[in-house]
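Novice: Structure provided below as C-alpha cells; questions to follow.
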Amino acid sequence: MVHKTMDAGKGHNLRINLYASIVGVTPPRITKRGDWMIAATLIDDSCQKPMTINIFCKRQDLLPKLVWMGDVIRIHRAVLEVRTCFMMW
C-alpha cells in the first residue's frame, strides 16, 4: 500500500502514493480552521490492519465522492504521519 518516494528521508516529509479499497468514510465536516474534511478508512491485501486517511479541501464540493464500500481510491503524494497509541494501566 505504501511506497516511499526517492526524496523522503532526513529533513523531508514522507510522501506516499497508494491504491486502496474504502471500508468506511465519515460525513463531511468543517475543521476549526474552516477547511472541509472527511476521514476514509482504507485497506488492501498488503495491510494487516485498516488505515485512516484524512482528506482536506477548502470547499465541500472539491472533496472526493466516496459513497460505496469497496470503491477504490487512488492517492498521489500524500503526506504520511504515523501515530502510535500508548495505554497506561
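No value in this document is a laboratory result; all are computed from the given coordinates. Keep in mind that this is a model prediction, so the values were computed, not measured. A quick note on method: Cβ atoms are made from the backbone with ideal geometry, for glycine too, and the neighbour counts reach across all protein chains shown.
Novice: With Cβ to Cβ distances under 14 Å as the rule, what net charge do the other residues near Leu42 carry (K, R +1; D, E -1)?
Specialist: That works out to -1.
Novice: Fewest first, what order do Ser21, Ser46 take by the number of other Cβ atoms within 10 Å?
Specialist: Ser46, Ser21
Novice: Please arrange Ile30, Ile16 by how many other C-beta atoms lie within 10 Å of their C-beta, fewest to most.
Specialist: Ile30, Ile16
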